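Following: one structure in structure tokens, then a few remarks.
Just so it is clear, none of the values below were taken in a lab; they were calculated from the coordinates. All of these numbers come straight from a predicted model, not from anything done at the bench. Using ideal geometry, Cβ is built from the backbone for each residue, glycine included, and neighbour counts are taken over all protein chains shown.
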Amino acid sequence: MTNMATRNWRILSIVLVAAPFLPGQEGRVVGPNSGFVFDTVGHTLRPIRGIPGAATVGDPLDFGFDVASVLVAPRQDWAVVVATDASLHLFRITPGTVVERPIDGLSGVPERVAFSPSGTAAALYASGHLQIVNGLPDSPTLTSTLDLGVPSALAISDDGAYVLSAAVGSIRLLGTAGENIKVMDASDGALIAFAPGGHDAAVSDSGGAGLVWFRDLTGSSRQSVLASGDAEVASPVGLAFSADGRTLFVASSTARSVSTFDLATGNRAAIPCPCAPAGFVPMGNTFRLNELGSEPLWLLDTAAGQPRIVFVPALPAPIAN
């Protein structure tokens, strides 16, 4: 390497290392990122810097106001943000920055938010009303408002046309055209999920029917029982399809594992976790299994040929004055 090339490489290295610390970067998102996680102590949204297996929790994003909560869509490209003054905001997230996307008619502080599998639609529940937002992430539009009792779980299809609701011992299918159909009985704690790009769906009900897969729920509605409430899918805390819709994942707190179900072959496997999963939050090709705290953050990485569970080091404890 010539002296000039060596000098240029050193300058480039300094710029790359210093870039995250340059002034005027508040609210900027630099990569690579594995997703985002809400810091419940600091009330901030933090990026997970790096790739799964070699990542750390980064510095907070700046939304321009104090936040009470932030929920990020599955593709990590937009977020529902509630400010400390109880105002509701939608933000577009790009590799360069975060930008607010105003939306007419959206109101109230949501008690529950359900993102569609690809994040193109969302259902926001508050005080007996369900607001349906389509056109995400770039053209958010409030397309429908439905009356709904208090749900224990919600799921919405990518086209925003259908919502699954778990409440009062049953699973119901609601349509923006007025449909309200009972799908099945279910015990308390049942989980529901739509598959990406269509109307296949799944229900995990370890206290009743077990794990049920519905093909074309809004049409011919064929169903298959994939597991009958055995120990590996007991106490489910998360249920989701893979991005290609070919695999179903069930996270269990008591089994301390994530079970995978290949919907084409019927094969299943269990991936042990050093933690007791507390949830199953989609973040692109990964799923977050717990909240940010004093313990490591655990992720299921599905991008590789074989899904694996990796960790992100916990935030260092604050230094006492």
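A compact table of results
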read-out: Karplus-derived 3J(HN,Hα), 6.51/-1.76/1.60, for each residue of the stretch 74-87, Hz, glycine and proline x; value: x, 8, 6, 10, 7, 8, 8, 10, 10, 7, 5, 8, 6, 7
read-out: Modelled FRET efficiency - R0 30 Å, Arg308 with Arg215, Cβ distances, 0.05 increments; value: 0.55
read-out: 5 angstrom amide H check on Gly293, placed H, neighbours 5+ away; value: Leu315
read-out: Cα-based helix-to-principal-axis angle, 3-18 vs the chain, degrees rounded to 10; value: 50 degrees
read-out: Tensor-based shape of the stretch 167-321 (alpha-carbon gyration tensor, a/c under 1.5 rounded, otherwise prolate or oblate); value: prolate
read-out: Ser235 versus Gln223: modelled label distance in nm, points set 7 Å from Cα along the beta carbon direction; value: 2.7 nm
read-out: Rounded, prolate or oblate (a/c below 1.5 giving rounded, otherwise prolate when a/b exceeds b/c) for the stretch 79-165 by Cα gyration tensor; value: oblate
read-out: Per-residue HN-Hα couplings for the stretch 104-113 [Karplus 6.51, -1.76, 1.60; θ = phi - 60°; Hz; x = Gly/Pro]; value: 6, x, 6, 8, x, 8, x, 7, 8, 10
read-out: Peptides ranked, highest mean first, by Cβ atoms within 10 Å: ranges 153-162, 47-56; value: 153-162, 47-56
read-out: Percent RCO, i.e. relative contact order, over the stretch 125-217, from Cα pairs under 8 Å lying at least 6 residues apart; value: 18 percent
read-out: Radius 9 Å from Cβ of Pro137, net charge of other residues (Lys, Arg +1; Asp, Glu -1); value: +1
read-out: Gain upon complete extension [Ala86, Arg246; 0.36 nm per residue less C-alpha separation]; value: 53.7 nm
read-out: Helix-only mean residue ellipticity at 222 nm for the chain, each DSSP H run of n ≥ 4 adding -39500 (n - 2.57), per residue, nearest 500; value: -1500 deg cm²/dmol
read-out: Built amide H within the under 5 Å cut-off of Val67, gap 5+; value: Thr84
read-out: Estimated vicinal HN-Hα couplings, Hz - the stretch 149-158 in sequence order (Karplus 6.51, -1.76, 1.60; Gly, Pro = x); value: x, 6, x, 8, 7, 9, 8, 10, 6, 4
read-out: Label zone at Arg101, where the point sits 7 Å out along the Cα-to-Cβ direction: the stretch 168-210 residues whose backbone N lies under 17 Å; value: 197
read-out: Separation in nanometres of the label points that stand 7 Å from Cα toward Cβ, at Thr40 and Asp138; value: 3.6 nm
read-out: Contact order normalised by residue count of the chain, Cα under 8 Å, 6+ apart, percent; value: 10 percent
